[in-house]
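K.L.:
Quick one: the structure is below, questions incoming.
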Amino acid sequence: MCIRDRLGTVRIGKLDGVSGDPVAGATLRLTGPGGYDETFTSTTSLIEIPDVRVGDVYKRQFRGSPGRR
């Protein structure tokens, strides 16, 4: 079995720069191997995404949380 055939869990979220706490309302996009491409809205806890293929995974924020810069 190739390492890239393995699956893992990814945890994503938007964190406050001061407290480190998760912040709700940011739109996040996660892309990765095998054409993985999903969009999520952050919550007040980290989002767990199971069964993502091991490899390079990228997170990008589309829109910030309401009321934040």
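The values are calculated or read from the model by the stated rules, or taken from the named source; none is laboratory data. This one's a predicted model, so the numbers in the text were calculated from it and none came from an experiment. Quick reminder, even Gly has a Cβ in these numbers, built from the backbone with ideal geometry, and neighbours come from all protein chains shown. Calculation scope for accessible area: heavy atoms of the full protein, side chains included, ligands and nucleic acids excluded. Shrake-Rupley method; radii C 1.70, N 1.55, O 1.52, S 1.80 Å.
To keep it simple, each residue is scored yes or no on (1) part of a loop (DSSP other than H, G, I, E, B); (2) out of contact with any Asp or Glu (no Cβ under 8 Å at 6 or more places or on another chain); (3) acidic (Asp, Glu); (4) at positive phi.
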| residue | (1), (2), (3), (4) |
| --- | --- |
| Gly20 | yes, yes, no, yes |
| Gly25 | yes, yes, no, yes |
| Leu30 | no, no, no, no |
| Phe40 | no, yes, no, no |
| Thr43 | yes, yes, no, no |
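K.L.:
Let me ask you something else. Are there any pairs with C-beta distances below 8 angstrom linking a residue in the range 1-26 that is hydroxyl-bearing (Ser, Thr, Tyr) to a residue that is open to solvent by 70 Å² or more (accessible area, probe 1.4 Å) and at pLDDT 85 or above, with the two at least 6 apart or on different chains, and if so which?
P.N.:
Within 8 Å, the pairs are Thr9/Glu48; Thr9/Pro50.
K.L.:
Residue by residue through the range 27-51, note down the ones that are crowded, with 16+ Cβ neighbours inside 10 Å, aliphatic (A, V, I, L, M) and free of Cβ contacts under 8 Å to residues at least 40 places away in the same chain.
P.N.:
Across the range 27-51, the qualifying residues are Leu28, Leu30, Ile47.
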